[in-house]
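What follows is calculated from the coordinates using simple rules that are stated; it is not laboratory data. Because the structure is a prediction, the values reported are computed rather than measured. Positions of Cβ are generated from backbone atoms using ideal geometry, with glycine treated the same way; all protein chains shown enter the neighbour counts.
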Amino acid sequence: RGVIILNEIEPDAGPDWFSRRGHASFSQLAVDPDTQGLGIGAKLLAKVEARAAELGNIEIGLSMAEPDHDLRDYYIRRGYRIVATWKWPYTNYTSLIMSKALPKATSGGLSEVACSKWQIANGQGANEERICSAVRSEPRT
C-alpha cells in the first residue's frame, strides 16, 4: 500500500515553480515498509504523472529534503531535474525543488490506473487529489 498527493494545498506559500501555469506538483509519496521494493512507489509516481498530464499540465514538480541524496538520485533516474531550492518555514533543512516535463496525455490513461481508488481529499480544495494504492505484486489475470 502507498499514497501520493497531487497538488497538495499548503498553508504556507510554496516555491514559485509550483504556481506556474501548467505546472503540477506532488507530495507525500510513501509506501508501507512491508511492501517496499515491489515497485509500488514507481507505479504511484507514474500514475500521478499521468494524472497531472491528463489535467493539462506540462511539468510536474516536487519538494524534497536536500540532504537525502538517495532520494534525489531516485528522482533523477526517473527524469527529474533540480530547478531551485526552497526553505519551508516548518523545516530545519533546505529543500530541493525538482521537476520533470510531462508527455502529452493519452486517452484512456485513467483506465490503466493500478491504484484502488481516486478520492478528493475532504477539506483540501478541488485541486488536491489523493491516490490510494493497493497494488498487487503479482500479475493480474
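Rounded if a/c is under 1.5, else prolate if a/b is larger than b/c, else oblate: which is the range 1-53, with a ≥ b ≥ c the root eigenvalues of its Cα gyration tensor? It is oblate, given that a/c is not under 1.5 and a/b is not larger than b/c.
The modelled label-to-label distance between T85 and E10, using points 7 Å beyond Cα along the C-beta direction, is 1.6 nm. Charge dipole of the range 53-109 (Cα centre as origin; +1 on each Lys and Arg Cβ, -1 on each Asp and Glu Cβ, all else neutral): 160 debye, rounded to the nearest 20. A simple count of charges around I60, restricted to other residues whose Cβ falls under 9 Å of its Cβ and scoring Lys, Arg +1 and Asp, Glu -1, yields -1.
If the only charges are +1 at each Lys and Arg Cβ and -1 at each Asp and Glu Cβ, what is the size of the charge dipole of the range 1-60 around the Cα centre, to the nearest 20 debye?
On the way: 6 positive and 9 negative charges, 50 e Å.
Dipole size: approximately 240 debye.
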